[in-house]
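Engineer: Right, I'll just put the structure down here and ask away after.
The values are calculated or read from the model by the stated rules, or taken from the named source; none is laboratory data. Keep in mind that this is a model prediction, so the values were computed, not measured. Here the Cβ positions follow ideal geometry from the backbone for every residue, glycine too, while neighbour counts run over all protein chains shown.
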Amino acid sequence: MFVVEQLEDSRYYSDLFGHLESQNIEVWFYNLANFKFNPDILGERTILNKSSRYYFSIFNLNSICKKFDIIHAHETIPAFYSVVASIASIKKKNIIFHWHHGKSIGIKQLIMDSIAKLGANKVIFVSNEMLSQIIGKGAQNSRKYGVIENGISVDYVKLKPNRDIDICLLGRLREEKGFLFILEVIKEIRKNYSSLNVKLIGEGPFRSRIENKIKELDLSDCVEMLGYLYDPIPYLTHSKLVIVPSYSEPFGIVAIEAMGAGATLIASNVGGLKQIIEHNKNGVLVEKGDHSEFCNSISLLLQDTELRNALAIEGRKTFEEKYSAKKMANRYIDLYKELKNGSRKS
């Protein structure tokens, strides 16, 4: 059973659900938030917290978990409540604490992190970079910690790439995503590309600041904000370049979405992006916040179609080899088998 705190629909869970079910693994979701996400795909497989107070989940999970072999908790809060529920239960459960984002902030969050880490059988990170930052470089030698990179489904054969969008920006509208910075770069690029076509996909707390920045830089006829899209792949298949200007990035799922859609990728040399992108082979890495280097890289790849296409082709190869949802699901299945077999031995 997946334990989550999900407040919006997610392709990640739908893709994973489909691949696990195809291998005869029955998957259910317990959502701490009282929101039935992805209802068309997950149907009746989602159990909701009966209270607006998360601590009631301890009692719910204590009862529900008896039916499942493995509890796969995504992020700190779901992992914390799963561990506490297991401690309160007579029959202990195999618990996976899946850590998708970076270091937690605040005493309460750090305490929950610590309890979740101690109580979980396995702690899984989405990149080696994130594992090293949070646990330390010696963690790779511990059987408790591991890395399973994210994956998504992209049916490239059915897509019809057009590349009529020059630049696509995609992600949660937060400070660390670097969108305010990259708008300054786009203003510079536009001096040589009067008909520059830019799409910005995403929602978040920085939306109004980004809207104001677009007006301030006189980019309203150049940059179109599309809001949150459940499936951004159609836009990515129409994009020449996908820019990921993040200041920090535990993994970088936007990068693999771009690769899967056959777009050329330019990204900050940070976090998990360094693990996904091999500079000048399957994309371009630029030092975070380097205005001139982002300008130069974007200008070069808008002009040089041959180089842009070569990077995109290698990006597609990287995606197929490492980042498809099927490969991600197979890694989960191996982990589940390991935990179940370990339980039988103990």
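Engineer: Which numbered condition trips up Tyr156, out of (1) modelled with pLDDT of 95 or more; (2) more than 21 Å from Ser246 (Cβ to Cβ); (3) of a type in the set (Phe, Trp, Tyr)?
Structural biologist: The single condition Tyr156 does not satisfy is (1).
Engineer: Which pairs do you get when a residue that is over 13 Å from Glu314 (Cα atoms), found in segment 259-285, comes within reach of a residue that is among the hydrophobic types (A, V, I, L, M, F, W, C) and assigned to a loop (DSSP other than H, G, I, E, B), reach meaning Cβ atoms under 6 angstrom, with the pair 6+ apart or on two chains?
Structural biologist: That search, which allows pairs on different chains as well, returns Ala267/Ile277; Gly272/Phe251; Leu285/Ile277.
Engineer: Still on this model: Out of the residues in segment 1-43 that are of a type in the set (D, E, K, R) and within 18 Å of Ile71 (Cα to Cα), state the one that is surrounded by the fewest Cβ atoms within 10 Å (Cβ to Cβ).
Structural biologist: The selected residue is Glu26.
Engineer: Does Ser82 fit the bill of being in contact with a strand residue (DSSP E or B) (Cβ under 6 Å, 6 or more places away or on another chain), of a type in the set (S, T, N, Q), assigned by TED's automatic domain parsing to the domain that holds Phe68 and surrounded by 21 or more Cβ atoms within 10 Å (Cβ to Cβ)?
Structural biologist: yes
Rundown of residues vs (1) surrounded by fewer than 24 Cβ atoms within 10 Å (Cβ to Cβ); (2) among the hydroxyl-bearing types (Ser, Thr, Tyr); (3) assigned by TED's automatic domain parsing to the domain that holds Tyr228; (4) in contact with a strand residue (DSSP E or B) (Cβ under 8 Å, 6 or more places away or on another chain), yes/no style:
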{"site": "Ile243", "(1), (2), (3), (4)": "no, no, yes, yes"}
{"site": "Ser248", "(1), (2), (3), (4)": "yes, yes, yes, no"}
{"site": "Ile256", "(1), (2), (3), (4)": "no, no, yes, yes"}
{"site": "Ala261", "(1), (2), (3), (4)": "no, no, yes, yes"}
{"site": "Ile266", "(1), (2), (3), (4)": "no, no, yes, yes"}
{"site": "Leu273", "(1), (2), (3), (4)": "no, no, yes, yes"}
{"site": "His279", "(1), (2), (3), (4)": "yes, no, yes, yes"}
{"site": "Gly283", "(1), (2), (3), (4)": "no, no, yes, yes"}
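Engineer: Another question about this same structure. Of the conditions (1) part of a helix (DSSP H, G or I); (2) over 23 Å from Tyr13 (Cα atoms), Ile41 clears all except one; give me its number.
Structural biologist: Only one criterion is unmet by Ile41, namely (2).
Engineer: Now for a separate question. Being within 17 Å of Asp155 (Cα to Cα), loosely packed, with under 15 Cβ neighbours inside 10 Å and among the aliphatic types (A, V, I, L, M): is that true of Ile313 here?
Structural biologist: Against the criterion (within 17 Å of Asp155 (Cα to Cα), loosely packed, with under 15 Cβ neighbours inside 10 Å and among the aliphatic types (A, V, I, L, M)), Ile313 qualifies.
Conditions (1) in a helix (DSSP H, G or I); (2) within 28 Å of Asn341 (Cβ to Cβ), marked per residue:
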{"residue": "Tyr12", "(1), (2)": "yes, yes"}
{"residue": "Ala33", "(1), (2)": "no, no"}
{"residue": "Ser51", "(1), (2)": "no, no"}
{"residue": "Lys66", "(1), (2)": "yes, yes"}
{"residue": "Ala73", "(1), (2)": "no, yes"}
{"residue": "Ile111", "(1), (2)": "yes, no"}
